[in-house]
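Below you'll find the structure, written out as structure tokens, and then a few comments.
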Amino acid sequence: MATPGARPAPTRTIAEFWPFYISQHRKRGTRIFHFVGTTVGLLFLLRAIAAERPLLLLCGLVSSYGLAWMGHFLIEKNNPATFQYPLWSLRSDLKMYGLMWRGKMTAEAERLGLAAPAGTVLDRPVS
């Protein structure tokens, strides 16, 4: 299991990166911040397209990443993988987002042996 702030070995595929990514998102609160951030970012993207206002894309990026990073710094107590692996992290975030929408994220973390330990409400795993 990866430790807070740990880096994975160099990876060539998303399948190799995925377990590390999940190890950095074990707590419920972190996933909630990511879920809300990704939702807000996607809403800004849709609004930017509909309103033909590209500046809204910047607002979406700032709010989306800001919320996700708050989860890392305040709850998970680690550094976002985005800093070292921006493309792998984005792709993994979208995969995690889809799994959360389908209620399968907790099962995926358990499958990988990366379920969060019992703790406070914000530490419990979330789908």
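FYI, it's all coordinate maths here, none of it is from the lab. Just so it is clear, the structure is predicted and the values come from calculations on it, not from any experiment. Backbone-built Cβ (ideal geometry, glycine too); neighbour counts: all protein chains shown.
Overall, the stretch 28-117 carries a charge dipole of about 140 debye about its Cα centre when +1 sits on the Cβ of Lys and Arg and -1 on the Cβ of Asp and Glu, all other atoms neutral.
Taking the fewest neighbouring Cβ atoms within 10 Å as the starting point, the ordered list for VAL36, VAL62 is VAL62, VAL36.
Report the semi-axes of the equivalent ellipsoid for the stretch 28-117 in whole Å, largest first, where each axis is √(5λ) for an eigenvalue λ of the Cα gyration tensor. All intermediate terms of the calculation are to be shown ahead of the outcome.
Details: eigenvalues 124, 43, 24 Å².
Gyration-tensor ellipsoid for the stretch 28-117: 25, 15, 11 Å.
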